[in-house]
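Everything below concerns the one structure shown next.
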Amino acid sequence: MIKAQIKSLVCVKSVPDLDQVPAGDWKYGEHLPEPEIGYVNKIINSYDQNALELLLRLRDDYKDNGLEMKVHVLTIGDAKSVKILKDCCASGADSCVLVEHGVDYKYQYQAVAAILNAYSGLYGQYDIIMCGESAGPYDNGQTAFALSYTMNIPCISDVQSLELAEDGINVVCKRDEEICRLLLKKPFIGTAESIRGLSLRLPTLKERLMSSKKNIEILTLKDLGLKEEVISKKGGKLLEKFFALETVKDCHYVEVENLPHTIEQLIEMAQGQRKGCSK
Amino acid sequence: MNVLIVAHEDERPESLRRLWAAANLSGADEIRVTQCILSRPANGFGRTAYISDEIILCKKGDCHPWEAAQVRSAVRDIMQTRSFPLVLLGNHYPGAQAAVCLACDTDGESILNASCAKVSNGELMVTKAVYASNMNAVYRIKKKPCFITLRNDIDSQIKLQIANKPVIAEKTYNFTDSESMIYLSGKKIEQNMLQSAKCVVIAGRGIRNTQDLALVEKFARSIRAELGGSRPLIMNGLLPTERMIGQSGKIIAPNLCIAIGVSGAAPLAAGIQQSKKMIAVNQDREAPIFKIADLGIVADYHEVLARVMR
């Protein structure tokens with residue numbers, strides 16, 4: 001039995017479900033500086049969900065073996081973000097916080113890291129902070145690293161699993177073509193991406209009903225001692241424009257009746273059994 | 001303009017090609033490229049291809065892989081001797097983390113998974129895929145230096161050459177072990193069968209149930225192809241996570257890719273667009289998959305597969 005106490009935080013984000021956007025809706029232009037996809041549903045970023053699941057599993061795997069662990073969830077957004085926080089509570093999070101802020105920082109990861117750092121500093125030193133590798137349409141993937149720099153604690157990317165150890169936490173992570181096993185002392189930050197074999201828990205109806213009654217703590221930038229005009233200047237780049245990926249191939253359409261011979265040739269070519277192919 | 005490339009001794013050729021292509025910024029006058037080679041005793045200097053005008057060799061005393069904090073130390077030392085407005089790092093570990101930390105150190109900027117960089121009207125512009133690769137965004141860099149890593153699914157196809165370049169500086173680092181993070185063990189991941197297959201069949205959202213999937217699996221077995229799936233199939237539990245193709249899964253470049261019931265949404269397209277030849281089967285002639293396919297079959301895949309397997 002390993003006696004330990006862990007206070008953990010998961011940073012999550014409500015993002016548009018881009019799978020719902022048909023190809024023709026990816027429009028932009030002079031009068032439309034950003035694609036208009038406000039009609040799609042918002043969901044919790046899937047990588048953030050994986051990060052939450054990793055912490056919940058750590059808590060559940062060792063709670064009968066001496067581990068006292070709390071899992072807190074935080075998001076930055078508007079009132080609509082409360083839904084994903086309630087979903088996290090239904091999944092098993094102990095408490096949730098909304099930093100209510102109407103500005104979406106998009107590609108300004110430095111501003112997001114400043115908010116997370118301020119929260120962590122004011123509301124208790126967390127032993128483990130987890131988040132998805134990237135979130136939001138701009139696919140930054142930099143917030144966790146910036147937070148790690150600001151807090152001066154290690155950051156481990158692509159975490160696959162967490163295990164309690166005598167001297168800290170065993171972290172299994174993926175680094176390029178290697179699965180690595182590291183021993184981390186608290187505190188540290190971890191990011192999650194796609195995790196092989198990880199299936200997410202589905203809250204029961206009872207759990208959802210109970211979470212709907214849970215209070216969500218709501219904070220503002222002022223509560224964190226931050227000023228919008230200061231943190232919004234932290235970025236060093238400006239978005240100039242969008243453009244679409246260009247078509248590169250001229251597709252040759254084949255009638256169903258002519259199929260077998262054509263496909264057979266291509267398959268043989270692919271397997272290296274014969275060279276050349278005529279369509 | 002001075003450009004610094006930070007690459008490992010054993011950096012993969014496709015990564016070196018990307019770095020070299022990106023370093024040759026279009027629109028810039030007089031580019032001078034310096035290559036920082038991160039070496040360790042396990043490697044042995046001299047095996048890498050040189051993609052620059054000059055070399056700075058950074059050696060470390062232990063055999064463990066370079067960590068982000070160590071890369072950061074080495075690059076900061078280099079940048080104290082000369083100004084580099086643009087620094088390119090390999091996308092694999094620990095390039096991304098090192099890039100962000102260096103940007104914080106220098107009050108510069110960082111962009112990960114960029115597609116390319118260029119100079120326009122004297123300003124550094126960096127392009128990156130956003131919105132799950134459905135769009136590209138162009139950023140104007142206001143703060144320099146700018147630290148960039150390049151996305152893995154682009155290959156410049158240039159020919160790398162081994163050539164003698166002057167080593168203008170050499171430094172050996174003896175880093176002390178970190179007390180907060182201890183490397184216990186590492187195990188090489190076996191190359192995923194999808195990434196090594198010559199022929200891959202991709203099942204898309206049009207495959208709605210296990211019976212449909214069984215038909216596609218039978219087809220894949222009949223032509224000795226590996227089977228992959230788009231994200232919706234994985235999320236529906238029809239295929240395991242390791243078979244996911246696309247931006248969230250595997251990037252593949254087989255000789256032949258056969259996309260069955262695949263719409264061609266950008267995240268999946270990013271995973272298969274390097275295929276040498278692609279056949280797409282979809283009932284919708286307007287499906288985006290036909291924009292990246294060599295051969296298009298507008299038909300019900302049940303009929304198509306039945307004919308082919310007859």
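None of B:Val304, B:Val298, B:Val281, B:Val308 is more than 7 Å from every other protein chain (Cβ to nearest Cβ) and either more than 30 Å from A:Gly197 (Cα to Cα) or of a type outside the set (Gly, Ala, Ser) (or both) except B:Val281. Those strands (runs of 3 or more DSSP E) of the range A:173-243 in which 2 or more residues are in contact with a helix residue (DSSP H, G or I) (Cβ under 8 Å, 6 or more places away or on another chain) occupy A:188-192. The residue that is farthest from the other protein chains (Cβ to nearest Cβ), counting only those in the range A:136-167 that are assigned to a strand (DSSP E or B) and polar (S, T, N, Q), is A:Ser161. For the range B:152-164, the count of residues that are within 14 Å of chain A (Cβ to nearest Cβ), of a type outside the set (D, E, K, R), surrounded by 13 or more Cβ atoms within 10 Å (Cβ to Cβ) and touching a residue at least 60 places away in the same chain (Cβ under 8 Å) is nonzero. Only one entry in B:Asp62, B:Asp10 is surrounded by fewer than 20 Cβ atoms within 10 Å (Cβ to Cβ) and under 19 Å from the mean Cα position of the chain (by Cα), namely B:Asp10. Within the range A:63-79, the set of residues being more than 19 Å from A:Ile195 (Cβ to Cβ) and surrounded by 15 or more Cβ atoms within 10 Å (Cβ to Cβ) comprises A:Leu67, A:Met69, A:Lys70, A:His72, A:Leu74, A:Thr75, A:Ile76, A:Gly77.
Residues of the range A:1-43 that are within 14 Å of chain B (Cβ to nearest Cβ), assigned to a strand (DSSP E or B) and not aliphatic (A, V, I, L, M): A:Pro16, A:Gly29.
Of all residue pairs spaced 6 or more apart or on separate chains, those with beta-carbon atoms under 6 Å, a first member in the range B:284-305 that is closer than 25 Å to A:Val21 by Cβ and a second member that is part of a helix (DSSP H, G or I) are B:Pro288/A:Ala23; B:Ile292/B:Ala269; B:Gly296/B:Phe290.
Of all the residues in the range B:127-151, those that are more than 15 Å from the chain's Cα centre (by Cα), surrounded by 24 or more Cβ atoms within 10 Å (Cβ to Cβ) and under 19 Å from B:Met79 (Cβ atoms) number 3.
For the range B:217-231, taking the residues that are within 12 Å of chain A (Cβ to nearest Cβ) and crowded, with 19+ Cβ neighbours inside 10 Å, the one that is nearest to B:Val304 (Cα to Cα) is identified as B:Phe219.
Answer yes or no as to whether A:Ala114 is part of a helix (DSSP H, G or I), under 23 Å from A:Pro187 (Cα atoms) and in contact with a helix residue (DSSP H, G or I) (Cβ under 6 Å, 6 or more places away or on another chain). Yes, satisfied.
Out of A:Asp61, A:Asp48, I need the residue that is part of a helix (DSSP H, G or I), charged (D, E, K, R) and in contact with an Asp or Glu (Cβ under 8 Å, 6 or more places away or on another chain). Which one? Result of the check over A:Asp61, A:Asp48: A:Asp61. When only residues in the range B:265-283 that are assigned to a loop (DSSP other than H, G, I, E, B) and touching a residue at least 24 places away in the same chain (Cβ under 8 Å) count, which is surrounded by the fewest Cβ atoms within 10 Å (Cβ to Cβ)? Among residues in the range B:265-283 that are assigned to a loop (DSSP other than H, G, I, E, B) and touching a residue at least 24 places away in the same chain (Cβ under 8 Å), the one surrounded by the fewest Cβ atoms within 10 Å (Cβ to Cβ) is B:Gln283. Just one of the numbered conditions (1) more than 10 Å from chain B (Cβ to nearest Cβ); (2) farther than 29 Å from A:Leu221 by Cα is not true of A:Gly197: (1). For A:Ser46, the conditions (1) under 24 Å from B:Pro288 (Cβ atoms); (2) in contact (Cβ under 8 Å) with a residue 40 or more places away in the chain; (3) of a type in the set (S, T, N, Q); (4) more than 14 Å from chain B (Cβ to nearest Cβ) are fulfilled apart from (4).
Laboratory data are not the source of any read-out in this text; all were calculated from the coordinates shown. No experiment lies behind these values; they were computed from the predicted model shown. Cβ sites come from the backbone with ideal geometry, for glycine too, and all protein chains shown count toward neighbours.
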